[in-house]
Structures are given as structure tokens and as C-alpha cells.
Amino acid sequence: MPLGLHEPDLALHVEDLTVSYQSKPVLWDIDFDIPPGVMAAIVGPNGAGKSTLIKSILGLTPPIAGHVTLFGRPYRAQRKRVGYVPQRSSVDWDFPTTALDVVTMGLYGQLGWLRRPRKAHRQRAREALEQVGMQDYANRQISQLSGGQQQRVFLARALIQQADIYFLDEPMAGVDAPTERAIVDILRGLRDAGKTVIVVHHDLQTVRTYFDWLLILNVRVIAQGPVEAIYTADNLRKAYGGQIALLESTGTATPVVDAAQADASEAPHAPASGRETP
Amino acid sequence: MSVHALLTDYTVQNVILGALMLGLVSGMLGSFAVLRKQSLLGDALSHAALPGICLGFLAAGARELGAIMLGALLAGALAALLVLLLTRYSRLKTDAALGIVLSTFFALGVVLLTHIQGTNNASQGGLDAFLFGQAAATLRGDLVIMAGVTLLSLILVTGLWKEFKLVCFDPGFARALGMPVLALEVTLTVMIALAVVVGLQIVGVVLMAAMVIAPAVAARQWCRRLETMVPLAALFGIVSGISGALVSTLGRGLATGPLIVISVSLLVVVSLLFAPRRGMLWELIQRSRQRRRLRHQQLLTTLYRLAERHGDHDFQSEQGLLDSYHRTRTRAALARLEKRGWVESRQQPPQNTTHWALTGTGRDEAARILASLNTGSD
């Protein structure tokens, strides 16, 4: 093991992480690991701390205890290897800028101080837009894009970062079916290229089809591991409690009433109110 | 005064140069404040500056602009810090915190002002001019300070352009990229405070907020990108600054500051009404266009259905029948459709009233509309 590295064989290693807002714990003593090259989902009921977990891993919400390493080093040292897609509702889409401009922002970290994006950078942004099928909207004002198109632009901004590990906060919330398929295809492509993809996900129905690794969260870690082993009626009930009804067949569980969908505040039609952190 | 005499007049030159720089700097920095939803920050900063002005005067013992500006800056910074602390550590929202801090500081300032006036200090003359500004009192020395602030803001905004842009649009992402978001936000706020302080002399504490908000709001209406919005806001600031200064000179002693604010407000009104895409007039036109298109579609499909019911492609519907069916006069709309070649009119005996029939292309259009309605409702 090279000197100074902590758990270098893991894409993500989280130990004893605790986050609280005004003495109310939002995340309590979180320990989990994600191996490289998987597509992982983080699921849990409203207020489980899913978004907070991602934000504290990326240093946006300071933890009161615990530490995080990415490929053996803390986040500060690994920034250039991380791609991030925040919740779409976290920004004002009436900001005066174009789709191409937003994608170019993904390069700001690599550009560094005083350097402006040049032709080559804009070319890369165009290619990223093409990857998400948005090349025809490059010069469109972002307020004129549909929700699904805005989400694709956000994804393109992360793709241009050419990271090794991607964090996505509810990328499938409030998007149309074709966009959801397109996003999943792109994420699978990343995983197949050896990248690690970590997604906060709200739709239990699709967890088993989309993902191969699963973290079930409700303030504490309920269960973690390969999807087949972890997606059980028992684990889901532990996380969601009475909010969920399950049909059980040969040890696997199928949610009948999807708790997240039944809850209006996280339904796809109300993305703005679907945020769980203040 | 002739134009030449006007422009060579020492005082007028000072006022125009001052108003120009104030417009430039507040328009440019105001754009970022407005986009960060901190429009009222300028208001809080300027009102909060009043006690600082008075304390600066008391400390210097005379109407010394350096001390007064320093006091204003410190008081403004203290107020901004208080707002930040209140929103973070109490349950107050930003608007309430701004309102409370602004009025408390302003009240304190007015108390101090009356106290100074009561002391019969001979050198206090004109301190109350800071309430509404006194452009004519602008000196060359003041202009040097303003030029310094303007130059500094220009350098910062061009040098940190992409950083400021990302911090305004998506601060979370900016932090994830490793940008010092807090430092950038503080830099922007301090620069706005500086702009407010240099503007107090000309526009005064009461109206200074308009200089921060108005040019940016007006420019936002016309622009699709930040790269054009910020220069346009600066231009709007400059234009209103100069025109306010000129009108006040020509109008024999009308107050310059309020005139500048009125000019920039006019720009806001025009922009809100007439800007393409975002203007109210534009929206009105779009809506009436849409209504007209809907009426056309209704008429075409009515004619189509009537023809179908009678089993006659060339069925001719009487004007009165169409009017009563749509419960409104339809002649104008039908005439427009006729111009497009979708319907044709005939005088039909024996009553000799106007009858309307679909043309071949009109029939195709009506069929297309009906088909699209059906797929839409599936």
C-alpha cells in the first residue's frame, strides 16, 4: 500500500460520517464503501439524508465527525477526478446563459484562475452536448429548455469533467421517459468504461434494472452491497417502515405502492419541493 | 448656458464624470447582486451607511470626505455582516433580516444627524445632503476616489469573470470544483458596498439602491447571456447618470440624484414593456396571436364538420350560421382565412347572403388540425 493512502482500492470510503443541522442528526455514524466500476444507487425515504450524504462527501455540507476518501485520498486532493450533477431545482434556470455555456462551466475547475474558455473548450462542450443528444440546443437560453433537457445539460456538464467517479443527485426526478432512458444509457456507458457512478435515486421500481450496487439509507446505513443481495423486503421495510407495501416472491421484493412516488413531495411533477435538505 | 459653456464648466464636468463612473460601476456590480437575488443588499448597505457618515464626521471633526466614506463603508459592512449572521443563526429569512437591519441603522443615522445639527458646529453644513445626494458638491478629489473604485471593479470583474458567473449561477457546483465561494461572495459584496459609498455623494442614501438594482433589471430584459447583460447594465447606468446630470444642469437646480434615478427608472419601464421575448408587450402580442390562431382552427374545423355532415365537400355555410355557432362575429377571421386560400366566399341566391366553403387546401388543413387534436387527446 503506497504511503499516505487510506483504502486505495475503494472508489469511495466513508467512515463514521455524522452530519447534523442544529443538533438534529441528519446522518448518523455512516460507514460504507463503494468499489470502483459499479453503478450504485442511494435510496431511502424522504429526509433520509441522501442528498446531504453526497453534499458532505463533496465538502459542501461540513460533517461534525468522520472522514471520506476517494481512491485512497481525501476529496480536496481528488477534485479533478470527481464529476457532480446537483439537483436540477438547486439553480435558477432563468439565469442569462446558454446550454453550451453551462456545459463549459464543467471545465472551470481545470482552467484555473484568470484563464477563460477558448475555442477548444467550447468544442469539447459541444461534444458533451452531443453525447446527451442536445447538440441542436447549444445556443438555446436555458430557461427555454424543458425539465428533461435541463437535466441533460447538467449531465453534459459533469461528463465534460472526464472524471473517474460521478455523483448524481436525483438525475431522474421530473424527467420524461425518453430522457430517463438516455440518462441511464449514458451512465451505463460510463460504468462500462470503468468509471464509478453513484446516484441518489427515488424510484424503487427501477433500482434492480438500472443499478448493480445499492446503499439503503435512513439517517443510518440500513444495508449496502450488490443489488441482488441487498434489495430484500426485509431491508426495504427497515428503511421505509410502514410507508411501503411489498409483494414478496422468492426472497425478492417488489414495491406495490412505491413509497417515494406515493409521497407527493417527491413525485416527479414537483421537483422544486422534492428537496430534503434546507 | 450654451452647450459649450456647459461642458467646460468645472462643476458640471465634475458632476457628469461622477455620474458616469457611478452608473458604470453600479450597473456592472448590480448585475451580479440582482442575479444572486440580493437586490435589496444595496438598499441595506446605503441606508446603513448613514450612521457611518455621521460617526466619520464626528471623528474627523469636519466634513472630510475620506473619513465620511470610511465610516460609511464600515457601517455598511457591519450591516451586511449582521444580515448574514441573522439569516444563518436566527429563524429570520433574508427579507426580514434586511428590513430590520436597514431601518435600525437608518434610524440610528437620523438620530446622530439631528444630534450633530443640534451642536451648532459650523462645519456640519450640508451633512444632511447625504440623504438625497448633492452632486454639485463633487470635487476633483472625490472623482479620484471614484475612479479608483471603478478601475478596481473593472479589473476584478474581468479577471474573475468565470468565477463570479459560476458563483451566481450554481454556488454548490462552484464549491465542488474547489472555488473559494465564500471569498468570492465577500469580494462581490465588498465591491457593491464600495460602489454604494462612492454613490452616496451624488445620489444619497435613500435612492442609492435604485442605482444598484435598476440598470441590471433593465439590462436583463434585453439579454440572453451574462456576457452582454453586464456591459449593457453598465451602459444603462452611464446613460442615466449623464442624462440625469445634464437635465439637472439645464433645469436650474433640480436635484441631480433623483433625476438620475428617474432616468434609470424610465429605462426599466421601457425594458419591462418592450423588450423582445421578456417584455409585457411581446407577451401580449404572443397571446393575441395564439388566440387568433385558435379562432382560425375552430372556424376551419367547423366548416369541415358541417361539410362532412351534409356529405358535400363543397358545402357552403352561411355567415350568420357560423356567427351564431361561434357566438361572435367571424367575418374578419374568415376574410383572413380567405386571403390564405383556405376558404372562399360566395354570394348565394335567393337571400344573397355571404356563404363560405372550404377550398381543397383548406380541407387538408382542417383534416390535419383534427388529426393532431386526436393524437393530442389520446
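The values are calculated or read from the model by the stated rules, or taken from the named source; none is laboratory data. In this text the structure is predicted, and so the values were computed from the model without any measurement. Don't worry about glycine lacking a Cβ; one is built from the backbone with ideal geometry, like all the others, and counts go over all protein chains shown. In case anyone asks, the SASA skips ligands and DNA or RNA and just uses the protein heavy atoms, side chains included. Shrake-Rupley method; radii C 1.70, N 1.55, O 1.52, S 1.80 Å.
Overview of results
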read-out: Residue in region A:92-121 that is most open to solvent (accessible area, probe 1.4 Å), counting only those that are touching a Gly at 6+ places or on another chain (Cβ under 8 Å) and within 7 Å of another protein chain (Cβ to nearest Cβ); value: A:Leu114
read-out: Unmet requirement for A:Pro62, which otherwise passes all of (1) more than 21 Å from A:Ala223 (Cα to Cα); (2) at the interface with another protein chain (Cβ under 10 Å from one of its Cβ atoms); value: (2)
read-out: Any chance B:Val110 is modelled with pLDDT of 90 or more and more than 28 Å from the chain's Cα centre (by Cα); value: yes
read-out: Matching residues, region A:129-138, being open to solvent by less than 80 Å² (accessible area, probe 1.4 Å) and more than 14 Å from chain B (Cβ to nearest Cβ); value: A:Leu129, A:Val132, A:Gly133, A:Met134
read-out: Residue tally, condition open to solvent by 10 Å² or more (accessible area, probe 1.4 Å), over 24 Å from B:Pro171 (Cα atoms) and out of contact with any Ser or Thr (no Cβ under 8 Å at 6 or more places or on another chain), over region B:34-74; value: 13
read-out: Test: residue in region B:301-315 that is in the same structural domain as B:Leu334 (by TED's automatic domain parsing), touching a helix residue (DSSP H, G or I) at 6+ places or on another chain (Cβ under 7 Å) and exposed (fewer than 13 other Cβ atoms within 10 Å of the Cβ); value: yes
read-out: Scan of region B:339-378 for residues that are touching a Lys or Arg at 6+ places or on another chain (Cβ under 9 Å) and either among the polar types (S, T, N, Q) or farther than 18 Å from B:Leu294 by Cα (or both), ordered by number; value: B:Thr354, B:His355, B:Trp356, B:Ala357, B:Thr361
read-out: Selection status of A:Leu215, in a strand (DSSP E or B), buried (at least 24 other Cβ atoms within 10 Å of the Cβ) and either away from chain B (no Cβ under 14 Å) or modelled with pLDDT under 90 (or both); value: yes
read-out: Boolean, B:Leu82 is closer than 27 Å to B:Gly23 by Cβ and under 30 Å from the mean Cα position of the chain (by Cα); value: no
read-out: Check on A:Arg126, open to solvent by 40 Å² or more (accessible area, probe 1.4 Å), more than 13 Å from chain B (Cβ to nearest Cβ) and among the basic types (Lys, Arg); value: yes
read-out: Pairs with Cβ under 6 Å, 6+ apart, first in region A:204-227 and within 10 Å of A:Val38 (Cβ to Cβ), second open to solvent by 40 Å² or more (accessible area, probe 1.4 Å); value: A:Val227/A:Arg208; A:Val227/A:Asp212
read-out: Neighbours by Cβ (under 6 Å, 6+ apart or cross-chain): first from region A:139-150, within 12 Å of another protein chain (Cβ to nearest Cβ) and farther than 15 Å from A:Leu129 by Cα; second in a helix (DSSP H, G or I) and open to solvent by 40 Å² or more (accessible area, probe 1.4 Å); value: none
read-out: Those helices (runs of 4 or more DSSP H) lying entirely in region B:240-341 with at least 1 residues in contact (Cβ under 8 Å) with a residue 40 or more places away in the chain; value: B:256-274, B:280-309, B:331-339
read-out: Contacts under 6 angstrom Cβ, first residue in region A:73-84 being facing chain B (nearest Cβ under 10 Å), partner polar (S, T, N, Q), 6 or more apart; value: A:Gly83/A:Gln161
read-out: Subset tally (residues that are among the polar types (S, T, N, Q) and either open to solvent by less than 10 Å² (accessible area, probe 1.4 Å) or touching a strand residue (DSSP E or B) at 6+ places or on another chain (Cβ under 6 Å) (or both)) for region A:142-155; value: 1
read-out: Residues satisfying the stated conditions in region B:208-229, i.e. open to solvent by 50 Å² or more (accessible area, probe 1.4 Å) and either outside the structural domain of B:Leu20 (by TED's automatic domain parsing) or over 13 Å from the mean Cα position of the chain (by Cα) (or both); value: B:Arg224, B:Arg225, B:Glu227, B:Thr228
read-out: Filter result for B:Ser31 (polar (S, T, N, Q), in contact (Cβ under 8 Å) with a residue 60 or more places away in the chain and crowded, with 24+ Cβ neighbours inside 10 Å); value: yes
read-out: Residue match in region B:299-313 (condition: over 30 Å from B:Arg225 (Cβ atoms) and touching an Asp or Glu at 6+ places or on another chain (Cβ under 8 Å)); value: yes
read-out: Residue identified as out of contact with any Lys or Arg (no Cβ under 8 Å at 6 or more places or on another chain), open to solvent by 30 Å² or more (accessible area, probe 1.4 Å), more than 30 Å from A:Ser51 (Cβ to Cβ) and within 14 Å of chain A (Cβ to nearest Cβ) among B:Thr158, B:Thr187; value: B:Thr158
read-out: Selection from region B:10-28 of residues that are out of contact with any Ser or Thr (no Cβ under 7 Å at 6 or more places or on another chain), open to solvent by 10 Å² or more (accessible area, probe 1.4 Å) and either closer than 22 Å to B:Leu160 by Cβ or touching a residue at least 12 places away in the same chain (Cβ under 8 Å) (or both); value: B:Thr11, B:Ile16, B:Leu17, B:Leu20
read-out: Unique match (being outside any helix (DSSP H, G or I) and away from chain A (no Cβ under 14 Å)) among B:Leu112, B:Leu143, B:Leu127; value: B:Leu127
read-out: A:Arg208, sole failed condition from (1) open to solvent by less than 60 Å² (accessible area, probe 1.4 Å); (2) closer than 13 Å to A:Val43 by Cα; (3) not in a loop (DSSP other than H, G, I, E, B); value: (1)
read-out: Every pair of residues 6+ apart whose Cβ atoms lie under 8 Å, when the first sits in region B:162-182 and is at the interface with chain A (Cβ under 7 Å from one of its Cβ atoms) while the second is outside any helix (DSSP H, G or I) and among the hydroxyl-bearing types (Ser, Thr, Tyr); value: B:Phe169/A:Thr97; B:Phe173/A:Tyr84; B:Ala176/A:Tyr84
read-out: Test: residue in region B:230-244 that is more than 18 Å from B:Val212 (Cβ to Cβ), open to solvent by 60 Å² or more (accessible area, probe 1.4 Å) and at pLDDT below 95; value: no
read-out: Residue in region B:347-357 that is at pLDDT 85 or above, open to solvent by 50 Å² or more (accessible area, probe 1.4 Å) and of a type in the set (S, T, N, Q) present; value: no
read-out: Qualifying residue in region B:105-117 (condition: open to solvent by less than 60 Å² (accessible area, probe 1.4 Å) and either within 22 Å of B:Met191 (Cα to Cα) or touching a strand residue (DSSP E or B) at 6+ places or on another chain (Cβ under 6 Å) (or both)); value: yes
